[in-house]
Amino acid sequence: MTTQAWTLARALRLAFLSAGALIFLAPYVWMLSTAMKPREEIFSSSLTLIPERWAAVENFSKAFTRVPMLQLLMNGVIVCAVILVVQVLVALPCAYALAKLRFPGARLMIAGIMLGLLVPIHATALPIYVALSGAGVLNTYFALAAPFMISVFAIFLFLQFFRAMPDDLINAARLDGMSELAIVLRVIVPNAWPAITAFSIFSVVAHWNDLFWPQIVVTETAMAPPPLGLIFFRAAEAGDDYGALMAATVVVTVPLLAAFLLAQRRFIEGITLTGLKG
Amino acid sequence: MSGLALRGISKAYGDNHILRDVTIEAKPGEFVALVGPSGCGKTTLLRIAAGLDHPDRGGVWLGERDMTAMRPSERDIAMVFQSYALYPHLTAGQNIAVPLAMRDLTVWQRLPWIGSLLPGQRVIRADIQRRVFETARSLKIDQLLDRKPAQMSGGQRQRVALGRALVRSPAAFLMDEPLSNLDANLRVHTRSEIVELHRRAGVTTLYVTHDQAEALSMADRVAVMMGGRLLQFDTPEAIYGNPAHVEVARFIGSPQINLLAGEVDAAHGIRIGGRLFVEGVGATPGTRVTIGFRPEAIKLGGPGQAGLGASVQRIEFLGSETLVFLEFARGEASLVAKLAPAEATFFRPGQAVTIAVASGEVLVFGADGSRLSVSPAMRMAANG
Amino acid sequence: MDSIALPAGNPARASEAGAVARRSEALAGWRLAGPALALLALLILLPTIGVVALSLTDFELGYDNIHFVGLDNYLELLEDRTFLISLGNTLTYTVIVTPLSVLLGLGAALLIETEVRGRALFRTIYFLPVVSLLVAMATVWQYLLHPTIGPVNALLRLIGIDGPNWLGGSDTVLISLALIGVWQAVGFNMVLFLAGLTAIPRELYAAAEIDRATTAWDRFWLVTWPMLGPTTLFVVTISVINAVKVFETVSTVTQGGPNRASEVLLWTIYQEGFVYLRVGYASAMTVVFLAILMILMVLQYRALDRRVHYT
């Protein structure tokens with residue numbers, strides 16, 4: 001059926017969904033509205049969304065000047081990119097070897113990876129922090145990216161994906177004279193794009209939003225990724241200039257939200273796939 | 001007992017016409033097979049009979065009862081699905097009990113956990129158990145009742161699905177390719193079991209299949225569908241021997257019927273390879289036609305005998321019969337003949353032969369595919 | 001045509017060739033998996049062993065002497081009021097967030113699944129929090145829930161209710177944080193349930209219709225709920241684990257306060273280990289945290305084996 005009849009059940013359903021949608025959207029609406037309002041209007045605690053006096057320029061210029069906002073965004077992009085590239089480069093060949101090659105220790109390694117899936121960054125943070133601190137590399141991009149250079153989850157996801165690929169495809173490539181590395185680059189990678197895309201979305205969303213690790217290894221504003229930057233910004237503002245604060249939240253939230261709205265289907269598929277396999 | 005009638009059914013999704021004015025009336029107790037290639041609309045028709053889909057026009061009748069607006073649950077019909085659609089979390093016995101539990105127990109009594117505490121349900125449940133067991137015994141699956149679908153073979157699952165349909169003694173049975181997921185041996189065996197089951201229960205049955213052999217061997221009457229239209233609805237013998245449409249002739253029978261293009265000449269005859277092949281065709285001279293004859297209608301003779309000249313291309317020995325593939329008119333057309341193996345020993349690939357077909361065995365179809373009459377009277381006139 | 005004869009060959013040479021091929025395959029395997037293996041050992045295996053080892057010491061960053069203290073740290077944990085409060089708060093938070101976010105996620109998925117129009121729009125809206133910077137959204141919620149200038153209390157005042165100091169009162173802070181957690185998690189659970197729903201064969205619903213399961217209620221209990229079993233178990237597990245890992249909102253908004261009312265496990269570990277630099281003691285807390293996660297995983301696998309897989 002292409003059109004649904006207007007039944008009472010449907011009306012109720014739409015009412016529920018719409019009410020829920022309003023609650024879910026409310027923070028975004030107030031965030032935008034407050035970012036446009038001057039201080040005195042915010043403190044009048046009225047429920048009007050449209051400001052009487054527009055203060056967007058003032059609020060956003062504060063957001064960009066009190067902390068090096070562009071630098072923060074840049075830090076986020078660089079760290080996420082480094083993490084993603086290394087994770088994929090390390091995981092792809094490994095997953096291929098574990099899925100399609102026979103070598104001693106492979107089963108043990110798979111067991112290690114399954115165990116690794118259970119260990120979050122929160123558990124390994126202390127020893128890694130001690131080591132990084134000992135090496136004197138805190139407050140660097142390296143320190144931000146180091147613990148995430150390997151993603152057992154990526155290996156696990158790709159492993160499952162490669163196991164489903166027919167062995168004959170790889171045998172044919174071998175008969176055509178390709179080396180194992182060439183097989184990874186020319187046969188596996190082109191066929192693995194759906195898995196790579198899904199993992200990329202998962203990885204970027206996770207690391208763009210991460211606060212725990214940056215808060216541990218970074219104390220300088222210049223090296224902070226967006227979430228930590230926002231914390232620094234709040235500290236600098238004493239937390240009650242809500243107009244500027246909301247402007248800053250808009251700035252750090254928009255990049256990922258925009259990407260999501262542009263490629264919704266891919267995002268939801270990616271997160272569902274990585275969610276269900278994990 | 002009541003018959004099942006689908007009258008004037010049309011169904012379209014946008015511009016995609018799935019069914020065009022299809023009427024099929026199954027008499028009380030009759031076994032009707034709906035056959036056709038995939039996408040011909042037969043499954044949609046079955047789902048409309050079940051109430052799972054709704055027709056744009058037309059109606060569904062069970063005996064005197066107009067069911068068109070009824071929900072599936074109110075129709076008193078049972079259905080066996082292609083995938084069996086067994087509930088994977090329930091045992092075979094629980095699966096078979098579902099339609100009875102839904103009918104006999106109240107909403108409250110069916111509630112998980114709480115339901116089994118309510119008064120009155122114990123007697124009903126015992127009765128359901130008894131009927132499930134009887135049905136299972138008649139299908140010889142009483143020892144499987146505690147297994148879940150995943151622990152059963154395809155054939156066993158198929159029986160459980162049949163059991164779920166049988167247990168409530170419905171007024172009509174609908175089956176959607178119930179044998180297509182079984183292996184070849186089991187399929188032939190189950191075929192006869194279903195026919196036997198139908199004979200015993202005597203319930204009006206609508207059976208969808210894409211396998212023409214299944215349709216011919218099982219059904220009292222066969223409905224051949226193509227492109228959403230009903231082309232012919234008749235007994236298996238008539239469908240095979242007296243097809244109403246060139247597509248019916250092409251679809252029914254294996255190996256396929258031989259078809260040749262021709263034109264009606266001034267004397268109402270059709271010439272193939274310069275020889276008069278059929279006479280007395282009921283069509284105006286100049287009509288483009290297709291003539292068809294079954295592989296077993298061909299008589300092969302040595303060179304020099306009366307008939308069309310052809311050459312043997314390839315011979316396939318199939319055990320009980322032998323197929324001889326023939327090339328005709330310098331490769332422009334190919335034919336296949338079905339011979340008894342003993343007859344076929346005279347022929348070799350590459351050999352020149354002659355083909356003769358008894359005139360009574362030749363079917364003539366017009367340009368639109370419909371059957372044209374070949375009258376004996378006209379034939380005599382042509383001879384004179 | 002001549003028949004093709006395969007040379008019988010030398011069996012010894014053949015098996016030798018096989019060994020060479022196996023060796024080269026093993027070599028290729030090691031080369032491709034090598035970097036991952038090294039990083040796995042360096043970044044996951046060693047640190048995990050390290051954290052267990054450190055938990056048996058009195059190591060403090062900045063002090064050079066380190067002593068083996070056995071289980072002293074764990075014994076101290078048993079009497080550490082902050083840690084016990086923290087465990088209790090984490091439990092309370094998890095108990096609020098998990099059922100709410102799972103049920104609301106399931107409800108949203110069921111409603112969206114049956115609604116033809118607006119399906120994509122609703123899905124997008126409910127999913128927004130999943131891809132939003134949680135630190136930023138927590139800041140927004142802090143403003144929304146502000147006792148005097150916040151819109152939530154302004155709204156409550158309209159209907160004559162004097163709203164509480166949501167994130168500032170020790171009675172309400174955990175509930176407020178939990179509600180933010182629910183808001184953030186529902187969309188994720190919803191898309192997982194939606195994926196689970198699409199995987200249910202349509203024929204089962206058709207069979208249920210024929211079997212007289214007339215109402216949506218009947219069809220839900222006969223088909224949807226049992227078929228969603230594996231999805232539900234997974235969603236519950238991941239919700240529990242994510243709730244146990246709550247950190248961002250606490251770190252952004254309440255910092256464990258007021259009066260330790262929002263002290264949660266990861267926040268306590270963070271404070272001990274990275275602010276006070278008592279690495280040994282924080283390591284013991286981390287081991288407890290890891291043990292909780294492991295137990296949850298084991299429970300999930302056992303339930304998965306027993307109940308919800310029908311194959």
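The values are calculated or read from the model by the stated rules, or taken from the named source; none is laboratory data. Worth saying up front: this structure is predicted, and the values here are computed from it rather than measured. We place every Cβ from the backbone using ideal geometry, glycine too, and count neighbours over all the protein chains shown.
For region B:1-16, taking the residues that are part of a strand (DSSP E or B) and of a type outside the set (Gly, Ala, Ser), the one that is surrounded by the fewest Cβ atoms within 10 Å (Cβ to Cβ) is identified as B:16. Take residue A:132 and tell me if it is more than 7 Å from every other protein chain (Cβ to nearest Cβ) and closer than 22 Å to residue C:266 by Cβ. Considered against the rule, which asks whether it is more than 7 Å from every other protein chain (Cβ to nearest Cβ) and closer than 22 Å to residue C:266 by Cβ, residue A:132 comes out as yes. Which of the residues belonging to region A:45-71 are assigned to a loop (DSSP other than H, G, I, E, B), without any contact (Cβ under 8 Å) to a residue 12 or more places away in the chain, surrounded by fewer than 13 Cβ atoms within 10 Å (Cβ to Cβ) and not aliphatic (A, V, I, L, M)? Listed by number, the residues that qualify are A:48, A:52. With respect to the conditions (1) more than 9 Å from chain C (Cβ to nearest Cβ); (2) over 15 Å from the mean Cα position of the chain (by Cα); (3) among the hydrophobic types (A, V, I, L, M, F, W, C), residue A:88 lacks only one, and its number is (2). Against the conditions (1) modelled with pLDDT under 85; (2) under 25 Å from residue A:262 (Cβ atoms); (3) not basic (Lys, Arg), residue C:127 satisfies every one except (1). Here residue B:252 passes the criteria (1) in contact with a strand residue (DSSP E or B) (Cβ under 6 Å, 6 or more places away or on another chain); (2) under 17 Å from residue B:40 (Cβ atoms) except the one numbered (1).
Does region B:217-233 include one or more residues that are among the aromatic types (Phe, Trp, Tyr) and over 11 Å from the mean Cα position of the chain (by Cα)?
Checking region B:217-233: not a single residue is among the aromatic types (Phe, Trp, Tyr) and over 11 Å from the mean Cα position of the chain (by Cα).
Looking only at residues that are assigned to a helix (DSSP H, G or I), away from chain C (no Cβ under 11 Å) and out of contact with any Gly (no Cβ under 9 Å at 6 or more places or on another chain) in region A:197-231, which one is surrounded by the fewest Cβ atoms within 10 Å (Cβ to Cβ)? Restricting to residues being assigned to a helix (DSSP H, G or I), away from chain C (no Cβ under 11 Å) and out of contact with any Gly (no Cβ under 9 Å at 6 or more places or on another chain), the top hit is A:222.
Of these, B:22, B:123, B:98, which one is assigned to a helix (DSSP H, G or I) and more than 30 Å from residue B:150 (Cα to Cα)? Selected residue: B:123, the only one of B:22, B:123, B:98 that is assigned to a helix (DSSP H, G or I) and more than 30 Å from residue B:150 (Cα to Cα). What is the one condition in (1) assigned to a helix (DSSP H, G or I); (2) more than 10 Å from every other protein chain (Cβ to nearest Cβ) that residue B:73 does not satisfy? (2) is the only condition that residue B:73 fails. Report, by residue number, each residue of region C:56-81 that is touching a helix residue (DSSP H, G or I) at 6+ places or on another chain (Cβ under 6 Å) and of a type outside the set (Asp, Glu). Residues satisfying the conditions are C:57, C:59, C:61, C:73, C:74, C:77. For region A:101-113, a tally of residues being at the interface with another protein chain (Cβ under 9 Å from one of its Cβ atoms) and in a helix (DSSP H, G or I) returns 4.
Taking region C:174-280 as the region of interest, the helices (runs of 4 or more DSSP H) fully inside it that hold 3 or more residues being in contact (Cβ under 8 Å) with a residue 12 or more places away in the chain are C:202-210, C:229-244, C:265-270.
The number of residues in region C:68-120 that are among the charged types (D, E, K, R), exposed (fewer than 13 other Cβ atoms within 10 Å of the Cβ) and closer than 30 Å to residue C:50 by Cβ comes to 2.
Do the conditions hold for residue A:78, that is, is it part of a helix (DSSP H, G or I), more than 9 Å from chain C (Cβ to nearest Cβ) and in contact (Cβ under 8 Å) with a residue 60 or more places away in the chain?
Answer is yes for this residue.
Checking each residue in region B:98-154 for being surrounded by 16 or more Cβ atoms within 10 Å (Cβ to Cβ), within 11 Å of chain C (Cβ to nearest Cβ) and under 19 Å from residue C:207 (Cβ atoms) picks out B:98, B:99, B:100, B:101, B:102, B:104, B:105, B:110, B:148, B:149.
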